Amino acid sequence: MGRSGGSGGRSSGGSSGGSRSSGGRSGGFGSSHRSGGSGGFGSFGSSSGGGFFSSGSRMSSGVSNYGGSGGPVGCGCGAVMIILVIVLIVLLIIGVFVASVFTSSSEITKSSVARQPLPAGSVNETEYYTDELGWINNQTKMEEGLKYFYQKTGVQPYVVIVDNVNGSYNPTESELDSYANALYDQLFADEAHLLFVFYEYNDFYMDRYVAGTQAKTVIDTEAADILLDYIDRNYYDSSLTDEEFFSNSFRDAADRIMTVTKSPWIAAMTTIGIVFAVVILAILLFVWWRHAKNQKNLEAKRTAEMLNTPLEKFDDVEIDDLAKKYQDSPSDQHKD
């Protein structure tokens with residue numbers, strides 16, 4: 001198995017199969033991420049995980065309390081500190097979120113147009129992949145993302161995994177492109193397929209796609225770049241199995257291709273607005289609670305002071321009022 005380390009540059013694409021479109025990229029050199037046998041290119045049409053070569057094993061890529069009668073002291077300060085800590089945590093989360101949004105956005109080509117899937121019946125459905133290097137051990141997992149791509153776009157993908165082109169283990173991009181275009185005619189009887197040839201040998205990889213005449217109305221240059229971006233990004237993710245590498249790339253590409261990419265600023269600002277609204281609400285609730293608590297403490301203090309004041313200090317009217325207030329208890333009223 002071997003997804004090589006190092007960033008790959010985009011190879012030149014172009015139409016060399018009638019009105020079809022084609023393109024691809026080449027990878028850089030680095031420590032081997034896959035190991036597989038070498039040999040001739042087998043027959044096509046089988047989606048079994050086996051082949052002439054043994055399965056490779058994955059390796060890591062090289063590459064508070066209230067005090068006294070004066071009101072809230074300890075609890076108030078503690079609550080303020082809690083709110084400040086929450087605000088700081090929220091700001092940190094927002095910063096991480098915004099950074100991740102812009103980082104992920106910068107890696108993958110944006111989808112700038114609304115696309116419609118091909119109408120049903122455009123494809124004469126075939127198998128979904130040919131693996132001549134023995135990388136794919138779980139056919140269901142491999143085909144999961146490829147079928148999802150077909151469902152979303154109406155274009156059926158077909159992946160070919162090889163380590164040589166017509167017996168050459170060091171083909172040029174032009175040779176791989178010609179090979180892929182010729183292979184399209186051998187494999188399909190319609191123009192609604194997307195052929196994706198993935199070549200890797202001796203710590204180096206290249207990929208080429210060929211979109212049929214109908215397929216390219218959905219898989220235009222921008223859409224193809226989106227798929228290639230996901231392939232390039234996931235290639236270096238050693239946490240993915242070989243099946244997940246291809247399956248996830250096609251699944252994620254399908255979602256992005258068929259949806260106009262929104263500006264990351266919109267998502268970031270929406271999140272920031274919601275978070276700050278929650279923080280402001282929490283602050284307002286705290287201020288209301290503190291005011292109510294202070295008012296309650298003030299009333300309790302005044303009541304205590306009045307009860308502790310000798311009656312001699314009140315005039316006759318005040319004495320009568322106090323006597324009536326504290327002598328006419330609820331229990332007395334009930335007896336009456």
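Just checking, does segment 263-278 include any residue being open to solvent by 40 Å² or more (accessible area, probe 1.4 Å), modelled with pLDDT of 80 or more, closer than 30 Å to residue 107 by Cα and not aliphatic (A, V, I, L, M)?
no
Considering only segment 217-249, state which residues are hydroxyl-bearing (Ser, Thr, Tyr), open to solvent by 30 Å² or more (accessible area, probe 1.4 Å) and not in a loop (DSSP other than H, G, I, E, B). If you could, list the steps in order and put the result at the bottom.
Applying the first criterion (hydroxyl-bearing (Ser, Thr, Tyr)) to segment 217-249 yields 217, 221, 230, 235-236, 238-239, 241, 247, 249.
If we keep only those that are open to solvent by 30 Å² or more (accessible area, probe 1.4 Å) too, we end up with 217, 221, 236, 238-239, 241.
Correct list: 217, 221.
Could you list, in sequence order, all residues of segment 105-152 that are open to solvent by less than 50 Å² (accessible area, probe 1.4 Å), within 14 Å of residue 195 (Cβ to Cβ) and not aromatic (Phe, Trp, Tyr)?
Selection gives 123, 126, 130, 146.
Could you give me the residue pairs with C-beta distances under 6 Å whose first residue belongs to segment 202-213 and is at positive phi, whose second residue is open to solvent by 10 Å² or more (accessible area, probe 1.4 Å) wherever it lies, and which are 6+ apart or on separate chains?
Correct list of pairs: 203/29; 203/32.
Here are some residues: 179, 158. Which one is in a helix (DSSP H, G or I) and of a type outside the set (D, E, K, R)?
Values: 158 fails: in a helix (DSSP H, G or I).
Matching residue, one of 179, 158: 179.
The conditions are (1) over 28 Å from residue 110 (Cβ atoms); (2) in contact with a Phe, Trp or Tyr (Cβ under 7 Å, 6 or more places away or on another chain); (3) modelled with pLDDT of 95 or more, and residue 145 fails exactly one of them. Which is it?
(1)
Could you grab me the full set of residues in segment 153-175 that are open to solvent by less than 20 Å² (accessible area, probe 1.4 Å) and more than 19 Å from residue 203 (Cα to Cα)?
Let us first name the residues in segment 153-175 that are open to solvent by less than 20 Å² (accessible area, probe 1.4 Å), namely 153-165, 171.
Once the filter is applied, which keeps residues that are open to solvent by less than 20 Å² (accessible area, probe 1.4 Å) and more than 19 Å from residue 203 (Cα to Cα), segment 153-175 yields 153, 154, 155, 156, 157, 158, 159.
The values are calculated or read from the model by the stated rules, or taken from the named source; none is laboratory data. Note that this is a predicted model, so its numbers are computed, not measured. Cβ: placed from backbone, ideal geometry, glycine included. Neighbour counts: every protein chain shown. Quick note on the areas: whole protein, heavy atoms, side chains included, nothing else; ligands and nucleic acids left out. Shrake-Rupley method; radii C 1.70, N 1.55, O 1.52, S 1.80 Å.
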